[in-house]
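The values are calculated or read from the model by the stated rules, or taken from the named source; none is laboratory data. Treat the numbers as computed from the prediction; the structure is a model and nothing was measured. Every residue, glycine as well, gets a Cβ built from its backbone with ideal geometry; the counts of neighbours run over all protein chains shown. Side chains are part of the model used for accessible areas, which takes the heavy atoms of the whole protein and leaves out ligands, DNA and RNA. Shrake-Rupley method; radii C 1.70, N 1.55, O 1.52, S 1.80 Å.
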Amino acid sequence: MSSGAGHGARPRISGVPGELVELFIQFLDRETELEPHWWHTYGSFTLLNFTAGFFPEHMARGDAMGALREVLEVAINDGGVAEDFLIRALKRDLDDFVRGKEDPSAYNRTTDRTRETMRDVIENPVARANWRKAMAQVNPTYASKTDEELIADARNTIENSVTTRHLDADAVAQRWSEADEWWELSAQLLPDSLFEHWGRLRTKRAIDEDRQRRTQD
């Protein structure tokens, strides 16, 4: 497992089934100086975007990556999803996520919406009930929270959470640096050409295997 960005040759591939899944997991399963929680940030986004699920709270890094690998393998082996199509689509979703990091105005609009949601939780009983129900799907303890507790949580979020504060100049610079790191690593380890090359190798491998079977018969 890598602990930094690093440099080196692009990965060698041979068209073997499961190869792209493994490369994708290796790409996500890392920490960097700029993004020490790289594996969790991008792994969580992938799982949420693909299955609408979450890593269980405090899940260990190795377990999280193993669970994500299993989900992808099931989709390919049991669901019939083409491996190159799936991994390329997930990579593109992550690219879009990183582009959002590069757009501070979009982030600030999101924080404004979060503040508005928290104000609704404080002031509107219907919104509060809907918030309790939605959050309970992520964290079951929310189902038993009282109105007073939800209101206190909402006020604390408005006053103290980074999710309700606009980005300052340092935060914007940090996000741009993290995005640059993403583009550098992804161009090195998961370039678009990799998926096309794997598909050609996979097709050739399948043809060769079929020809070999016919010869043996």
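Once the Cβ-Cβ distance between residue 92 and residue 166 is put in as r, and R0 is 41 Å, what FRET efficiency do you end up with, to the nearest 0.05?
So the FRET efficiency works out to roughly 0.90.
HN-Hα J couplings of segment 28-42 from phi, Karplus 6.51/-1.76/1.60, θ = phi - 60°, integer Hz, Gly and Pro as x?
Residue by residue, segment 28-42 yields 7, 7, 7, 10, 10, 5, 7, 10, x, 10, 3, 4, 7, 4, 7 Hz.
Sort 176, 39 by heavy-atom solvent-accessible area, probe 1.4 angstrom, most to least.
Of 176, 39, the descending order of accessible area is 176, 39.
How high is the relative contact order of the chain, in percent, with contacts defined as C-alpha pairs under 8 Å that are six or more residues apart?
Value for the chain: 29 percent.
For segment 79-194, what mean projected area does the convex hull of the alpha carbons give, in nm²?
Values: hull surface 40.2 nm².
Mean projected area of the Cα convex hull: 10.0 nm².
What are the lysines whose alpha-carbon lies under 30 Å from the alpha-carbon of residue 145, with same-chain residues fewer than 8 places away excluded?
133
Using a cut-off of 13 Å between alpha-carbon atoms, which aspartates and glutamates can reach residue 204, once sequence neighbours fewer than 8 places away in the same chain are excluded?
Cα-Cα hits under 13 Å: 196.
List, in order, the whole-Hz ³J(HN,Hα) value for each residue of segment 82-90 obtained from phi through the Karplus relation with A = 6.51, B = -1.76, C = 1.60 and θ = phi - 60°; use x for Gly and Pro.
Working through the residues one at a time gives 5, 4, 5, 5, 5, 5, 5, 5, 5 Hz.
If I build a Gaussian network model for the chain, linking alpha-carbon pairs within less than 10 angstrom, which residue out of 110, 141, 163 has the largest mean-square fluctuation?
In this elastic network of the chain, the residue with the biggest mean-square fluctuation among 110, 141, 163 is 141.
Just how large is the dipole of the chain about the Cα centre, in debye to the nearest 20, putting +1 at every Lys and Arg Cβ and -1 at every Asp and Glu Cβ?
520 debye
Just to make sure I understand: if all protein chains stay in place, what is the order of 126, 71 by accessible area at 1.4 Å, largest first?
I get 126, 71, largest accessible area first.
How large is ³J(HN,Hα) for each residue in segment 101-109, as worked out from phi by the Karplus curve 6.51 cos²θ - 1.76 cosθ + 1.60 (θ = phi - 60°), to whole Hz, x for Gly and Pro?
4, 7, 10, x, 5, 5, 4, 5, 5
Just to confirm, what accessible area per residue do you get for segment 54-152 at 1.4 Å probe, in whole Å²?
Ligands and nucleic acids excluded, the figure is 60 Å² per residue.
Rank 73, 181 by accessible area, highest first, at a 1.4 Å probe radius? List each step's numbers first, then the result.
Working: 73 75, 181 20 Å².
Solvent-accessible surface, decreasing: 73, 181.
Hey, quick one: spin label on residue 108, modelled 7 Å out along Cα-Cβ, who in segment 169-210 has an amide N within reach, i.e. under 16 Å?
Answer for this model: 169-176.
Sequence-distant or interchain residues sharing an amide H contact under 5 Å with residue 30, placed H: which?
Distant-sequence amide H within range of residue 30: 39.
Would you mind calculating the gained length between residue 201 and residue 148 on full extension (0.36 nm times residue separation, minus the Cα-Cα distance), in nm to one decimal?
Extra length available between residue 201 and residue 148 comes to 13.0 nm.
Pulled fully out, how much extra length does the chain show between residue 216 and residue 127, if you take 0.36 nm times their separation in residues and subtract their Cα-Cα distance?
Computed gain between residue 216 and residue 127 is 25.2 nm.
Does segment 74-136 classify as rounded, prolate or oblate by the C-alpha gyration tensor (a ≥ b ≥ c root eigenvalues; a/c under 1.5 gives rounded; else a/b over b/c gives prolate, otherwise oblate)?
It is oblate, given that a/c is not under 1.5 and a/b is not larger than b/c.
Cut-off 10 angstrom, C-alpha nodes, Gaussian network model of the chain. Which of 52, 154, 89 fluctuates the most?
Among 52, 154, 89, the largest mean-square fluctuation in the Gaussian network model of the chain belongs to 52.
Determine the calculated [θ] at 222 nm for the chain from helices alone, applying -39500 (n - 2.57) to every DSSP H run no shorter than 4 residues and normalising by the residue count; nearest 500 deg cm²/dmol.
On the way: 9 runs with 152 residues, N = 217.
Calculated from helices alone, the mean residue ellipticity at 222 nm is -23500 deg cm²/dmol.
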